[in-house]
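Here's a structure for you.
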Amino acid sequence: MTNLKPRSSRLRRMLGLGRRDETLFDDQTEESPETEVSSTSSATLASHNDEDHDLFLEDPYADVRERMEALSARDRARYASHEDDAQQHEQQHSRKKKPINHIELPLFAAYTTYLGYAVLIICGHVRDLLAKIFGHGRYLRQETPYTSDNLNYYAPLLKSWENFYTRRLYHRIQDCFNRPIASSPGANIQVLERVSDDGNKTMKLLGTLNDLEDDHQRNQYANGSAFVEVSEGRVARSCLNLGSYNYLGFADDWNITCKKDVLGSLQDLPVSNSSSRNEFGTTKLHRDVEEIVARFLGKEDALVLNMGFNTNSTTIPALMGRGDLLISDELNHTSIVNGARASGAAIRIFRHNDTQHLEEILREAIVMGRPRTRRTWNKIMVVVEGIYSMEGEYCDLSNVVQVCKKYGAYIYLDEAHSIGAMGPTGRGCAEYCGVDSADIDVMMGTFTKSFGGMGGYIAGSKDTISFLRRQCAGSAYHNSLSPVVCQQILSSFKVIMGEDGSNIGKKKIQALRDNSNYFRMKLKDMGLHVLGHYDSPIMPVMLYNPTKIAAFSRECFKRGLSVVVVGFPAVPILQSRARFCISAGHTRDQLDKALAEIDEVADVLKLRYEISTFG
């Protein structure tokens, strides 16, 4: 995937520059003072014998391999390579047939969901009223000597509805979120136990068994199948991790794959440079990370930032401004939404993965121009994601690129969840869909998922990256990425690319794909409503009813499964779900155990909406 240098006029239009502004494209070595310090640790995995660490000597999915590959090939043909576009077109335009991958919300689930929210809201208002009448309630405002608590002088921090939703809906299920862990986020994690003395208004760590009231409670915990004690005797629960973004399993084999180089980097470099990239926050490791990212993606240059969220929210305002048009997929991440709003550019939304609607918006934008004045837009940029994190679907990238090239729009691709997790070599959605990276103007990704680190990157032409080094707030003002994290990223990249002298990276990518496809296939066999495509490591399972959010989380937790549940307002009110994230670190035995427990929970909570209207 070689990168072709774009014409300078096209590049200047994207960056909003005239000829006089070309001085912004100076060589990057003059832009950021570099601390010429490097790690003395140069050890690699070449010294490790592959046979000693080969976790995949035999195919664990030999008995279902043919079916898994057939399902994967079907989805890839439909949504990535479009080899059966004729069939898809026929299904989408036929009244008798449902669209491919269509999941229909059961009317029973819709009615009971609305009824559930109505009951919760009514009961909440009744309890608020009774609290005011009787002067007793855990949410009544207490008088304090602080003037900041006097509403005659200060406005409340939360609006009435936000406050009510937090008190009467969110706090009821607060124990299902923000669970602290006491281990690395590998395939197995140790989750600290929490308790509440005020009806879930506040949560506190249980501590040790001695903190329990009586021997009966102590025996209940101690005899539990998932009970463990961590440091200082604190009570925890050993769970199978089905929620972390540990896609390639670096949290499981970090001692083998990354530990030596990462700890070795501390001999010469600090944990933090305490400075921005444009001041004294750039080290040799930062340059090395940017070089390997650019080489991995086939782009001319790259810029690394210290936070994935900030990568979108600070880069988009640097690229777009007043007089520009930004066209965004309706399901894009909040970081993209925040960046778009902060840019000052006009925003248009197209239906999720609907390139026909995208083309309609582009055509109208070019023909009609700006509102009122009808002047042409300075530039138009389309923003999409590689894998949509709440849907588990990958982008229709080939058609998006085709439409954008037809109308001369720029493409911004967010590969936070797809980089490292998709494609034969882990190069993301572009590789998986057969799209040349040269056709994508700006490529964004994060190091928090597949690489076991933190931060994000922007990859593009050399001139684009040089411009962003100065104009992007994440580079110019924010603290630079920790050098230790840079070494973690470098080590993981070398494993993925095989530059460590082993084939561990290749096996990780294959294991992630196999584990994901197997888990998705079995979930669908249960009759659950599962969103997303095969070859995606994210599997949302629809719960719909708000009462099932907490019930599903608690039932799984009781059975030693750590899962993520999502409700309104993170998703639409009728689309509450559980979201499973699969890792290369999982084994088939672990997944089979989890599937057996989920099958039992599905019976208890009536979740088989694929085969029954009532679940």
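The values are calculated or read from the model by the stated rules, or taken from the named source; none is laboratory data. As the structure is a computational prediction, the values presented were derived from the model and not from experiment. We place every Cβ from the backbone using ideal geometry, glycine too, and count neighbours over all the protein chains shown. Heads up: the accessible areas ignore ligands, DNA and RNA and are worked out on the full protein's heavy atoms, side chains in. Shrake-Rupley method; radii C 1.70, N 1.55, O 1.52, S 1.80 Å.
At R0 = 45 Å, how high is the FRET efficiency between Val228 and Arg322 if r is their beta carbon distance? Nearest 0.05 is fine.
My answer for the efficiency is 0.20.
Using only the Cα atoms, what convex hull volume per residue in Å³ does the chain have?
It comes to 209 Å³ per residue, whole-number rounded.
Same structure, new question: Say each of Ala118 and Arg372 gets a label point 7 Å from the Cα, pointing the same way as Cα to Cβ; how far apart are those two points in nm?
4.3
Follow-up question, since we're still on this one. Ordering Ile122, Ile458 by accessible area with a probe of 1.4 Å, largest first, what comes out?
Ile122, Ile458
Please identify which residues in segment 251-279 have an amide N closer than 14 Å to a label point set 7 Å out from the Cα of Tyr477, following the Cα→Cβ vector.
276-278
Which listed residue (Leu192, Ala340, Leu607) has the Cα farthest towards the positive end of the charge dipole for the chain, taking +1 on Lys and Arg C-beta and -1 on Asp and Glu C-beta about the Cα centre?
It is Ala340.
Could you give the length gained by full extension between Tyr170 and Asn503, i.e. 0.36 nm per residue of separation minus their alpha carbon distance, to one decimal place?
Length difference between fully extended and current span is 115.3 nm.
Just to be sure I follow: if Rg is taken over the C-alpha atoms of segment 303-342 and Rh is the Kirkwood radius over the same atoms, what is Rg/Rh?
0.97
Residue separation times 0.36 nm, minus the C-alpha to C-alpha distance between Glu364 and Ala570: what's the value?
71.1 nm
Would you mind telling me the antiparallel percentage of the DSSP bridges in segment 404-551, rounded to 5?
60
Can you give the Rg to Rh ratio for segment 334-391, taking only C-alpha atoms and Rh from Kirkwood?
Value, to two decimals: 0.99.
Considering the options Cys395, Ala236, Ser148, tell which one lies farthest towards the positive end of the dipole of the chain, charges being +1 on Lys and Arg and -1 on Asp and Glu at the Cβ, about the Cα centre.
Ser148
Could you calculate the FRET efficiency of Val195 with Ala155 from 1/(1 + (r/R0)^6), where r is the beta carbon distance between them and R0 is 35 Å, rounded to 0.05?
Working from the Cβ atoms, E equals 0.55.
Chymotrypsin sites (Phe, Trp or Tyr not before Pro), restricted to segment 220-304: which are DSSP loop and have at most 16 other Cβ atoms within 10 Å?
Sites meeting the loop and neighbour criteria: Phe280.
So for the chain, averaging the separation of alpha carbon pairs under 8 Å that are six or more residues apart and normalising by length, what relative contact order in percent results?
RCO, the chain: 20 percent.
Only Lys, Arg, Asp and Glu count, each charged at its Cβ (+1, +1, -1, -1), so figure out the dipole size of segment 118-161 about its Cα centre, rounded to 20 debye.
Dipole about the Cα centre, nearest 20: 140 debye.
Sticking with this structure for a sec: For segment 416-564, just list the percent of Cα-Cα distances falling in each 10 Å bin from zero outward, please.
Taking all Cα pairs of segment 416-564, the binned fractions are 9, 28, 32, 22, 9, 1 percent.
Moving on to the next point. Can you compute the radius of gyration and Dmax for segment 170-231, using only the Cα atoms, both in Å?
Spelled out, the Cα radius of gyration and Dmax of segment 170-231 are 12.7, 34 Å.
Here's another thing I want to ask about it. If we restrict to alpha carbons, what Rg and Dmax does segment 524-615 come to, in Å?
Gyration radius and largest Cα-Cα distance of segment 524-615: 12.6, 36 Å.
Whole angstrom only: what separates the Cα centroid of segment 361-439 from the Cα centroid of segment 102-117?
33
Let me ask another. Testing the spin-label approximation: label points 7 Å from Cα along Cα→Cβ at Asp211 and Tyr111. State their distance in nm.
Calculated label separation equals 4.6 nm.
What percent does the relative contact order of segment 287-391 come to when contacts are Cα pairs within less than 8 Å and at least six residues apart?
Value for segment 287-391: 26 percent.
Can you work out the PRE-style zone for Ser612? Point 7 Å along Cα to Cβ, and I want the residues of segment 527-557 with backbone N under 19 Å.
Under cut-off, by backbone N: 527-530, 541-549, 551-553, 555-556.
With a 1.4 Å probe and all protein chains kept in place, how do Arg65, Arg372, Arg341 rank by accessible area, largest first?
The ordering from most to least exposed comes out as Arg372, Arg341, Arg65.
Under a Cβ-only charge scheme (Lys and Arg +1, Asp and Glu -1), can you give me the dipole magnitude of the chain about the Cα centre, in debye to the nearest 20?
2520
Where both residues lie in segment 520-601, what percent of DSSP beta bridges are antiparallel, nearest 5?
Percentage antiparallel, nearest 5: 100.
Can you say what percent of the DSSP beta bridges in the chain, counting only those with both residues inside, are antiparallel? Round to 5.
Bridges in the chain that DSSP calls antiparallel: roughly 60 percent.
Sticking with this one: Report, in debye and to the nearest 20, how large the dipole of segment 379-433 comes out about its Cα centre when Lys and Arg carry +1 and Asp and Glu carry -1 on their Cβ.
For this selection, approximately 360 debye.
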